[in-house]
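Heads up: the structure comes next, in structure tokens.
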Amino acid sequence: VFKVRKFHKNDNSAEKFEREKRITDAIAPVLPVAVPKIELVQAGPYLFYKTHFIPGRVLVDLPLKRIIANKDKIGKQIGQVIYSLFNADLKTLRDMMPKDAKKRGLGMVHGDMCSNIIVNPDTMDVVGIIDWEYAFYSSLWYEFQGIYRVRRKMRQTDIAPIAMWEYYRLRDEKSKKTK
């Protein structure tokens, strides 16, 4: 899979690509699903962003009835992804973290998850999350809202509340173990 950007005088595409590469390199080891492995390639005035293909289909491209029939499974898996991402100690990304992030209850979020969930169309398992260019440190509310904010189809599925319940189940389970 390739993305291409042509350099212009004030273009910051290289910075955007490098930022996304840093993020995906840091989060890939902590997430329970695939994340694109990014390679940056320059050819003349063009910067290419090359990633491996994650086999599957974009969730929102599947029929609504099929998504709704599998909403519990998908919602739980998305909740697990959000839990793993939000609570990860991403040492290589600490410079992106606001100084008061812990005090404010912030963690790493995808920021645009609704259109970027890859599922295996045969099993309806979440197998990957793509397009990490908007990832940043924010609140859980922002991430859960991001599951359905842009796409009407996702609002019709009730996946976001299921993902929230799974996130909090995992959080509570972990807090019981640490007591």
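Just so it is clear, none of the values below were taken in a lab; they were calculated from the coordinates. The structure displayed is predicted, hence computed values, not measured ones. No Cβ is skipped: glycine too gets one built from the backbone with ideal geometry, and neighbour counts run over all protein chains shown.
A helix-only calculation puts the chain at -12000 deg cm²/dmol for mean residue ellipticity at 222 nm, using -39500 (n - 2.57) for each DSSP H run of at least four residues, averaged over all residues.
Note on segment 29-156: with charges restricted to the Cβ of Lys and Arg (+1) and Asp and Glu (-1), its dipole about the Cα centre is near 440 debye. Judged by the mean number of other Cβ atoms found within 10 Å, the most tightly packed of the peptides 106-118, 29-41 leads the ranking 106-118, 29-41. Computing FRET efficiency as 1/(1 + (r/R0)^6) for E15 and A43, where r is the C-beta to C-beta distance and R0 is 25 Å, gives about 0.85. Only helices reaching 20 angstrom along their own axis (Cα) with mean Kyte-Doolittle hydropathy no lower than -1.0 count here, and for the DSSP H runs of the chain these are 71-86, 159-178.
Structure shown: which of K37/K153; K91/K153; K50/K176; K65/K102; K50/K174 lie over 32 Å apart, alpha-carbon to alpha-carbon? Before the final figure, lay out each step's value.
Working: K37/K153 28 Å; K91/K153 36 Å; K50/K176 42 Å; K65/K102 40 Å; K50/K174 37 Å.
Check vs 32 Å cut-off fails for K91/K153; K50/K176; K65/K102; K50/K174.
A full extension of the chain between L62 and M97 corresponds to an added length of 9.1 nm, given 0.36 nm per residue minus the alpha carbon distance. For the chain, the square roots a ≥ b ≥ c of the C-alpha gyration tensor eigenvalues yield an a/c of 1.5 or more together with a/b not exceeding b/c, which makes the shape oblate. Our estimate of slack between R151 and D125, defined as 0.36 nm per intervening residue step minus the Cα-Cα distance, is 7.4 nm.
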